[in-house]
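Structure, as structure tokens:
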Amino acid sequence: MLLKIGAVLASIPVALGTVVAATGVMVVDVKDSDGTHIVVPVPLLLAETAARFASTRKAAGAVDRELARARPYLPVAEEVLAALVDGPDGELVRVDEGDEHVRIEKVGDMLQVRVESPRETVAVNVPFGLARQALRQARDGRVSPGDLVAALRRARLTRLADVRDGGDHVTITIW
Amino acid sequence: MNTRSLALVALAVPLLGTAPASSSDGTAWLHVRVEEPKKGSRVHVNLPMPAVEAALKAAPDAIASDGRIHLGRHGHDLDIDDFRRLWKELKGVGDAEIVSVEDGDDRVAVSKKGDRLLIRVQEDGDRETVHVDVPAAVVDALFSGPGQELNVRAAVAELRTLRGDVVRVNDRSSTVRIWIDESAGAPGEK
């Protein structure tokens, strides 16, 4: 009997681990210049659930107000994005000003943004799917954090952001 | 860079706006280079034509409606109808200088050469120059709208076959180059 109870108890973390692995984990890794190292793994399923249940009406209202002026152009932005998705890969924008550099490239289904300066480097990878969903929701005036987190589950094995600022280093990766 | 140069560039960009093209099986790309050597500043923009075409739809309704740009509504001095008539007459003539204005060291020339409309602006001698080359078929399409309208959509449709330089602007501190080819990224810069 004890063996059965033990097996059941042991299966719970295994099952949880399997669900988390199957649904994805966002890992936020922060290294401070003072040696502090914090790693926060956030199961996407948990984040999505929290985002859906959290009261976001106030934040949604604020986003809606911010987007009021841009809203007429959002359908155009969607079309531009769609055209970029369908187009070939390539460098879209390069700005060099002294020792500061910005690059925006289309690589597969990802928009890669790189910013380099003597003090900091920023690398952001934006999945087109996520950007299109965000634009669609913004156009409809219905930004759902839960849906956006859910969209991250389609961007597995992606480093969303890698920021170095002086001695600080932050990465956000979807596993 | 002065207002006139910027205005010509601004006019040329929407003209290029929707020009998807395929001379072979490649996608046409619109390339814009702005360089200011003294500032150590370079801006390179490369966009596939379908994306440019989509972006053109963002033109405000006050300027464009159904792909057509309205000018002269407020009695401004650019009379599209007059230009249209002039262009129609000039099409039958061979190569010709359409407009030539000289004012001290400044010179503006608009001429037709072969199947292209050439706009040349020189200011302060040779220190500031603007070169715009537009195929005649594009000008035809541009003037295909009625009254005080420029039919930009038709013009960009004509641009589908265009390859090469369209605009070059050089002034004391900066250069601007706009061209179309089938290379993504860092393409055929000369």
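The values are calculated or read from the model by the stated rules, or taken from the named source; none is laboratory data. As the structure is a prediction and not an experimental result, all values here were calculated from the model. Every residue, glycine among them, receives a Cβ derived from its backbone with ideal geometry; neighbour counts consider all protein chains shown. Remember, those area values only see protein heavy atoms, side chains included, never the ligands or the DNA or RNA. Shrake-Rupley method; radii C 1.70, N 1.55, O 1.52, S 1.80 Å.
Mind checking which strands (runs of 3 or more DSSP E) fall wholly inside segment A:63-175 and carry at least 2 residues that are at the interface with chain B (Cβ under 10 Å from one of its Cβ atoms) and open to solvent by less than 40 Å² (accessible area, probe 1.4 Å)?
The strands (runs of 3 or more DSSP E) meeting that bar are A:90-97.
All but one of (1) within 16 Å of the chain's Cα centre (by Cα); (2) open to solvent by 70 Å² or more (accessible area, probe 1.4 Å) hold for B:Glu89; state the number of the condition that does not hold.
So B:Glu89 meets the others, but not (1).
Could you list, ordered by first residue, the pairs with Cβ atoms under 8 Å in which the first is in segment A:84-100 and more than 20 Å from B:Arg33 (Cα to Cα) and the second is aromatic (Phe, Trp, Tyr), at least 6 apart or interchain?
What qualifies is A:Val85/A:Phe128.
I'd like to know if segment A:68-84 contains one or more residues that are modelled with pLDDT of 80 or more and either at positive phi or among the aromatic types (Phe, Trp, Tyr) (or both).
Looking through segment A:68-84, at least one residue is modelled with pLDDT of 80 or more and either at positive phi or among the aromatic types (Phe, Trp, Tyr) (or both).
To keep it simple, each residue is scored yes or no on (1) in contact with a strand residue (DSSP E or B) (Cβ under 7 Å, 6 or more places away or on another chain); (2) modelled with pLDDT of 80 or more; (3) assigned to a helix (DSSP H, G or I).
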| position | (1), (2), (3) |
| --- | --- |
| B:Glu53 | no, no, yes |
| B:Ala59 | no, no, no |
| B:His74 | no, no, no |
| B:Asp81 | no, no, yes |
| B:Arg85 | no, yes, yes |
| B:Glu89 | no, yes, yes |
| B:Ser100 | yes, yes, no |
| B:Ala109 | yes, yes, no |
